[in-house]
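A.B. asks: The structure under discussion is supplied below as structure tokens; questions concerning it will follow.
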Amino acid sequence: MKKVSILVPCYNEEKSLPLLYPELKSLMDANASYEWEILFVNDGSKDNTINIIKALRAADKRINYVDLTRNFGKENAMLAGFDYVTGDCMVILDADLQDPPSLIPEMLKYWEQGYDDVYAKRASRGKESWLRRNCSLLFYKILDQSTRYDVLQNVGDFRLLDRCCINSLRKIRESERYTKGMFCWIGYRKKELLFDRDERVAGKSKWGFWRLFNLAVEGITSFTTFPLRIATIIGGTVAFFAFITMFYYGMKTIIYGDDAKGFTTIIVAVLLMGGIQLLAIGIMGEYIGRIFNETKKRPTYLASHYNEDKLY
């Protein structure tokens, strides 16, 4: 009998879990031809999440959990899930029921047909604001155009992964992680499913504008050096026009003479060059900072418990 694992990263989901579990229980009971595992990764929740998970495990031994020592972020919590899931395949699912568990049987159907990565693509982005929707689309477009492999747009973490994909992702131990890019980077045979994403059933989203902005920076700097190339292009272009301008005014002074004018022009030019230099330094700083973090070789996450067993 094949085993299916459902990975659910959790951070302050005490209101969502009592609504999620009945959905998953109905799914598992209706598909008894598979062996099931639900793996909750408690990402340092500050509410009652871990106690609810423990109570669910006491009632249903198909539930396992990993308790991280603090909040390491969803990307690192998913890596913990990759390390601890035991199934022949794994479905990544958010706890807030925005990703419908009812889509999992269709994912399993395509998995049985030989697909290694069955990903759910959003047919619409729901009630997102105009700014957030268009910023997301712009980010995907930039990343897709600047990498050497296809980047899937409007695709989140909701997907089914075969064991071969899980093992490949476990090998990637980067501390600066952008897992959505890693799903594309590892390759394998993929299949798309369209779905309409629901609103959260409870609680509030942890992904505000600045967290999404930081995730976008992580994605771009983790998978492309295109920003560095932009800085090089801008620097070269400005230097070229500066040389042309210098030649023009030099010849003008030699031929016609020139009095002391152009104070405003000088100030604007200095501010422009200073801004471009700071932009280039900032871009290089982002990459250098990531190099610095990677050279430390710190563990990507620390776990205190796997079920009732202490890990320290």
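What follows is calculated from the coordinates using simple rules that are stated; it is not laboratory data. Since the model is a prediction, treat every value here as computed from it, not as a measurement. Here the Cβ positions follow ideal geometry from the backbone for every residue, glycine too, while neighbour counts run over all protein chains shown.
A.B. asks: I'd like the FRET efficiency for K310 and N48, computed as 1/(1 + (r/R0)^6) with the beta carbon distance as r and R0 of 22 Å, rounded to 0.05. Numbers along the way, then the final one.
C.D. replies: Details: r = 21 Å, r/R0 = 0.95.
Calculated transfer efficiency: 0.60.
A.B. asks: Between M1 and I276, what is 0.36 nm times their sequence separation minus the Cα-Cα distance? Round to one decimal in nm.
C.D. replies: Working: separation 275, 0.36 × 275 = 99.00 nm, distance 6.06 nm.
Result for the pair: 92.9 nm of gain on full extension.
A.B. asks: Collect residues whose amide H, placed 1.01 Å from N in the peptide plane, falls under 5 Å from the amide H of S45; neighbours closer than 5 in sequence don't count.
C.D. replies: For S45, the qualifying residues are N12.
A.B. asks: Pulled fully out, how much extra length does the chain show between I244 and A55, if you take 0.36 nm times their separation in residues and subtract their Cα-Cα distance?
C.D. replies: Contour length minus the Cα-Cα distance gives 60.7 nm.
A.B. asks: Taking the highest mean first, how do the peptides 6-16, 26-36, 156-166 order by number of other beta carbon atoms within 10 angstrom per residue?
C.D. replies: Details: 6-16: 23.2, 26-36: 13.5, 156-166: 21.1.
Per-residue Cβ counts within 10 Å, averaged per peptide and sorted highest first, yield 6-16, 156-166, 26-36.
A.B. asks: Please compute the length gained on full extension between E35 and R163, using 0.36 nm multiplied by the number of residues separating them and subtracting their Cα-Cα distance.
C.D. replies: Gain on stretching E35 to R163: 44.6 nm.
A.B. asks: Which entries of K3/K121; K3/K190; K3/K180; K15/K296; K2/K121 show an alpha-carbon separation above 32 angstrom in the structure shown?
C.D. replies: Among K3/K121; K3/K190; K3/K180; K15/K296; K2/K121, the Cα-Cα distance tops 32 Å for K15/K296.
A.B. asks: Follow-up question, since we're still on this one. Quick one: Karplus J couplings for segment 110-121, per residue in order, coefficients 6.51, -1.76, 1.60, θ = phi - 60°, nearest Hz, x for Gly and Pro?
C.D. replies: For segment 110-121, the Karplus curve yields 6, 4, 5, 7, x, 7, 8, 9, 9, 9, 9, 9 Hz.
A.B. asks: Same structure again: To the nearest 0.05, how large is the calculated FRET efficiency for I266 and N293 if R₀ is 41 Å and r is the Cβ-Cβ distance?
C.D. replies: The formula returns an efficiency of 0.50 here.
A.B. asks: 5 Å is the cut-off here: which amide hydrogens, built 1.01 Å from N in the peptide plane, fall below it relative to N31, excluding neighbours closer than 5 in sequence?
C.D. replies: It is none; the list stays empty.
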